1. Pull out a ≥ b ≥ c, the square roots of the eigenvalues of the alpha-carbon gyration tensor of region 11-105, then state rounded if a/c is under 1.5, prolate if not and a/b is larger than b/c, and oblate in the remaining case.
2. Report, to the nearest 10°, how far helix 362-372 tilts away from the longest principal axis of the Cα atoms in the chain, using its own Cα long axis and a range of 0 to 90°.
3. Enumerate the amide H contacts of SER317 below 5 Å, restricted to partners 5 or more residues apart or on another chain; note that Pro and chain-start residues carry no placed amide H.
4. For the chain, with the dipole built from +1 on Lys and Arg beta-carbon atoms and -1 on Asp and Glu ones, taken about the Cα centre, which of LEU370, VAL251, HIS279 lies farthest toward the positive end?
5. Antiparallel DSSP bridges in the chain: what percent, to the nearest 5?
6. Picking from GLY263, GLY82, ALA204, whose Cα lies most toward the positive end of the charge dipole for the chain (charges on Cβ: Lys, Arg +1; Asp, Glu -1)?
7. Ranked from highest to lowest mean number of other Cβ atoms within 10 Å per residue, what is the order of the peptides 361-368, 256-263, 43-50?
8. Specify the angular offset, from 0 to 90 degrees and rounded to the nearest 10, of the alpha carbon long axis of helix 20-36 from the longest principal axis of the alpha carbons in the chain.
Amino acid sequence: MACPLPIVDLDVLRASVDSPEARAEAVKTAEALIEYGALILRDSTVSEDANERFLDLLEDYFAQDEARLREDLRPEVHYQIGVTLENTEKPKCHSDDACKAVIAALDPAERPLDLEGGHADPKCRFFHRMGKTPPTTDFPSLRMENVTPRAFAATWRQSMDEWGSQIKQAVEGVSEMLAIGLGLERGTFSTAGEYGSHLLAPTATDLAKYGKEGEIFAGFHTDLNFLTIHGRSRFPGLHIWARNTGKRITVKLPPGCLLVQAGKQLEHYTGGLIQAGYHEVVCTRATLDALERRRTDPATAHRPQIRISSTFFWHLSSDETLSPRRFRDETRVSEVVQRERAKIEVAGGEWPDDRYAEGMKVGTLVQEELKHIALFAES
Ligand SMILES: O=C(O)CCC(=O)C(=O)O
Ligand SMILES: [Fe+2]
């Protein structure tokens with residue numbers, strides 16, 4: 001299916017938060033996340049050149065020898081900083097009956113590529129933390145210094161922070177538009193995420209090794225954070241599923257645009273009004289065409305054949321308490337929320353008020369989810 005995702009313009013909100021146009025963009029943001037679990041974002045403060053520089057840096061980093069990459073592994077903190085190598089992170093569906101049921105309910109032609117093999121993903125990752133340290137916390141293991149790779153010591157931090165802070169600001173803008181669109185105070189989510197353990201989290205897939213049509217780079221999954229934002233990748237392959245249509249959507253980002261997706265923290269916060277979006281990354285014909293262009297263009301032929309995603313995971317603060325009941329109470333007069341409730345009721349369904357635990361801390365949710373994806377070793 002071609003890309004039907006709504007395009008939301010953050011510049012409109014920045015120009016004047018009280019204008020009718022800003023209000024319309026805010027409603028569009030909430031509706032897009034309810035309907036598709038994703039949206040395309042325009043934000044003129046995010047520079048495409050900065051994304052390109054970031055992609056170049058990460059290609060060079062992941063082109064290093066494995067021995068050099070291993071210096072940056074931190075399994076003792078569940079890989080939550082530094083590098084994760086290929087075949088470590090597992091797509092959550094392996095260990096989750098609810099996820100398997102989602103796949104079973106899809107039309108066979110719209111299902112993700114087969115996960116039955118139970119393999120971990122061939123993608124690698126680098127985690128660079130971008131959160132503020134909370135003054136007190138029940139989750140002290142989150143206080144960690146970032147890893148600076150040896151060969152890039154002079155410039156790494158500055159380069160990561162340059163791109164990371166641009167997309168962090170963009171995704172915080174989306175959290176504000178979402179709050180307004182849901183009828184909440186503008187700062188509801190941005191304040192709840194003030195001490196979030198935000199992560200710049202690019203993935204890297206070796207296309208020389210895994211560039212075969214049908215290869216799964218990242219198996220069908222949802223993200224465990226609140227909102228995910230991605231800059232453009234040089235290689236297509238990301239598919240998402242909208243909750244209501246059950247159709248696989250091939251994501252095509254127009255130049256200068258970003259992709260935003262809903263994660264598990266947002267799903268829990270809203271008691272399931274917004275659901276974390278399922279997605280996968282696979283090697284398609286289009287991925288291989290992009291690889292062929294890269295191999296044959298003299299300007300890029302010498303560059304590493306590695307697919308980098310410029311991904312950022314925006315979190316709520318770990319000590320924040322999730323209360324779907326409070327959300328329900330605070331949105332009783334929200335037009336968007338009530339319209340959605342009515343739709344569910346007309347369809348004979350019920351609002352899933354008690355499916356999500358009341359009073360769970362965000363940090364606990366994260367730890368539960370990390371166990372599912374094989375990164376959280378019990379100690
Ligand atoms: O590689 C991508 O484009 C997205 C990766 C992804 O889904 C993730 O990192 O959670
Ligand atoms: Fe993801």
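1. The shape class here is oblate.
2. In the chain, helix 362-372 runs at an angle near 50 degrees to the longest axis.
3. GLY193, GLU194, TYR195, GLY196
4. Going by the charge dipole, the pick is VAL251.
5. In the chain, DSSP labels about 90 percent of beta bridges as antiparallel.
6. Most positive-ward Cα: ALA204.
7. Per-residue mean Cβ counts within 10 Å order the peptides as 256-263, 361-368, 43-50.
8. It works out to around 70 degrees.
Every number in this text was worked out from the coordinates using simple rules, so none of it is lab data. Worth saying up front: this structure is predicted, and the values here are computed from it rather than measured. Positions of Cβ are backbone-derived with ideal geometry, glycine not excepted, and every protein chain shown enters the neighbour counts.
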